[in-house]
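> First the structure, which I've put down as structure tokens, then a few questions once you've had a look.
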Amino acid sequence: MTEDDSSAGVTLALAQIEVEPGAVEANRKRATDAVARAADRGADLVALPEIFNVGYFAFDLYHRQAEPLGGETLSRIADAAAEHDVAVLAGSIVEDLAATSGVETPAAEGLANTSVFFDRAGERRAVYRKRHLFGYDSAEAELLVPGERTATAEFEGFTVGMTTCYDLRFPEQYRELTDAGATLVLVPSAWPYPRVEHWQTLSRARAIENQCYVATINGAGEFDDATLLGRSTAYDPWGTPLASCDDDAAIVTAEIDPERVDAVREEFPALRDRRV
């Protein structure tokens with residue numbers, strides 16, 4: 001663990017779990033076990049990768065394995081949050097929009113790439129559906145309905161923004177989150193080789209330009225035509241990496257402090273100098 005220079009704050013854990021294509025039950029267990037291990041290490045907030053239950057590149061299973069927000073995967077994550085007294089960002093699942101009830105959806109039917117933020121009691125506090133769908137050599141844009149809303153949740157002094165993977169390439173979305181008050185942005189992902197430089201540079205840039213914490217949570221593992229590059233990383237508001245890992249399964253922890261965001265923005269008030 002690498003710590004910033006704050007004396008108090010939140011222990012953030014990035015759960016870079018192995019994601020086995022199509023092994024939904026095994027992947028669920030890896031996720032809940034990671035929540036438990038992170039809690040044992042003192043985590044206050046645990047974040048999981050993109051489509052951690054089915055596997056992002058298992059496109060042929062999306063329809064068969066899609067679940068509503070009240071389905072088995074998210075119910076288990078909510079229970080794990082409550083059991084271990086930690087907040088959890090359930091990185092994302094393939095959501096069956098027609099089966100979801102009680103929550104506004106971007107379409108009456110279809111599938112979405114959906115992340116949910118649970119508080120320490122396991123209560124759902126925010127829902128985010130991936131806005132930018134990847135079209136380059138990917139079936140995602142054909143299979144999924146894009147999200148339309150900015151999503152934030154309040155947690156222990158932070159306003160937590162939610163984005164997903166390919167969103168990193170669209171800086172206007174992060175500026176929108178900054179305008180909504182975000183001081184920490186979580187980015188569950190399934191980022192593959194060979195685009196290591198893009199993964200690191202884009203994430204760091206989003207932290208620098210918005211003067212907030214940005215934490216990227218990738219998966220580990222191999223698919224038929226892709227290998228996830230891992231390297232989950234927490235960046236501080238200067239864009240300095242606080243903690244990271246390689247491409248193997250790991251739990252990355254970092255100490256983060258909302259007062260650090262205020263201090264950086266006061267010391268170097270670039271956001272006040274915007275002219276749009």
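The values are calculated or read from the model by the stated rules, or taken from the named source; none is laboratory data. Keep in mind that what you see is a predicted model, and the values were worked out from it rather than measured. Heads up, the Cβs are rebuilt from the backbone with ideal geometry, glycines too, and the neighbour counts pull from every protein chain shown.
> Any idea which residue in segment 212-235 is farthest from Glu140 (Cα to Cα), counting only those that are touching a Phe, Trp or Tyr at 6+ places or on another chain (Cβ under 8 Å) and surrounded by fewer than 24 Cβ atoms within 10 Å (Cβ to Cβ)?
Our first condition is that a residue be touching a Phe, Trp or Tyr at 6+ places or on another chain (Cβ under 8 Å); within segment 212-235, this holds for 213-216, 218-219, 223-229, 231, 234-235.
Narrowing further to those that are surrounded by fewer than 24 Cβ atoms within 10 Å (Cβ to Cβ): 223-227, 229, 231.
On the way: Phe223: 15, Asp224: 16, Asp225: 15, Ala226: 14, Thr227: 17, Leu229: 19, Arg231: 23 Å.
Among them, the one singled out is Arg231.
> Taking the options Gly230, Gly239, name whichever one is outside any strand (DSSP E or B), over 17 Å from the mean Cα position of the chain (by Cα) and on the phi > 0 side of the Ramachandran plot.
Working: Gly230 fails: over 17 Å from the mean Cα position of the chain (by Cα).
Testing whether each residue is outside any strand (DSSP E or B), over 17 Å from the mean Cα position of the chain (by Cα) and on the phi > 0 side of the Ramachandran plot leaves just Gly239.
> Sticking with this structure for a sec: If Glu255 meets every condition in (1) without any contact (Cβ under 8 Å) to a residue 12 or more places away in the chain; (2) part of a strand (DSSP E or B); (3) of a type in the set (D, E, K, R) apart from one, which number is that one?
Result: Glu255 fails condition (1) only.
> Being without any contact (Cβ under 8 Å) to a residue 60 or more places away in the chain, buried (at least 18 other Cβ atoms within 10 Å of the Cβ) and touching a Phe, Trp or Tyr at 6+ places or on another chain (Cβ under 8 Å) narrows it down to one residue among Thr163, Thr183, Thr159; which is it?
Thr163
> I'd like to verify a number: residues in segment 106-121 that are under 19 Å from Ala31 (Cβ atoms), surrounded by fewer than 21 Cβ atoms within 10 Å (Cβ to Cβ) and of a type in the set (Gly, Ala, Ser), how many?
Residues flagged as under 19 Å from Ala31 (Cβ atoms), surrounded by fewer than 21 Cβ atoms within 10 Å (Cβ to Cβ) and of a type in the set (Gly, Ala, Ser) within segment 106-121 amount to 1.
> Kindly list the number of the only condition in (1) on the phi > 0 side of the Ramachandran plot; (2) surrounded by fewer than 19 Cβ atoms within 10 Å (Cβ to Cβ) that fails for Val196.
The failed condition is (1).
> Just checking, which of Tyr56, Tyr62 is within 22 Å of Ala215 (Cβ to Cβ), out of contact with any Lys or Arg (no Cβ under 8 Å at 6 or more places or on another chain) and of a type in the set (Phe, Trp, Tyr)?
Tyr56
> I'd like to know if segment 61-83 contains one or more residues that are touching a helix residue (DSSP H, G or I) at 6+ places or on another chain (Cβ under 8 Å), outside any strand (DSSP E or B), closer than 20 Å to Val252 by Cβ and among the charged types (D, E, K, R).
There is no residue in segment 61-83 that is touching a helix residue (DSSP H, G or I) at 6+ places or on another chain (Cβ under 8 Å), outside any strand (DSSP E or B), closer than 20 Å to Val252 by Cβ and among the charged types (D, E, K, R).
> Identify, from the list Val88, Val127, Val103, the residue that is farther than 18 Å from Ala139 by Cβ, under 14 Å from the mean Cα position of the chain (by Cα), β-branched (Val, Ile, Thr) and surrounded by fewer than 24 Cβ atoms within 10 Å (Cβ to Cβ). Talk me through it step by step, then tell me what you get.
On the way: Val88 fails: surrounded by fewer than 24 Cβ atoms within 10 Å (Cβ to Cβ); Val103 fails: under 14 Å from the mean Cα position of the chain (by Cα).
The unique qualifying residue is Val127.
> Looking at (1) without any contact (Cβ under 8 Å) to a residue 24 or more places away in the chain; (2) of a type outside the set (A, V, I, L, M); (3) not in a helix (DSSP H, G or I), find the lone condition where Glu50 falls short.
Evaluating Glu50 over (1) without any contact (Cβ under 8 Å) to a residue 24 or more places away in the chain; (2) of a type outside the set (A, V, I, L, M); (3) not in a helix (DSSP H, G or I) leaves (1) as the failure.
> With the condition kept exactly as written, say whether any residue in segment 156-163 is at pLDDT 95 or above, over 14 Å from Glu50 (Cα atoms) and of a type in the set (D, E, K, R).
For segment 156-163, residues at pLDDT 95 or above, over 14 Å from Glu50 (Cα atoms) and of a type in the set (D, E, K, R): present.
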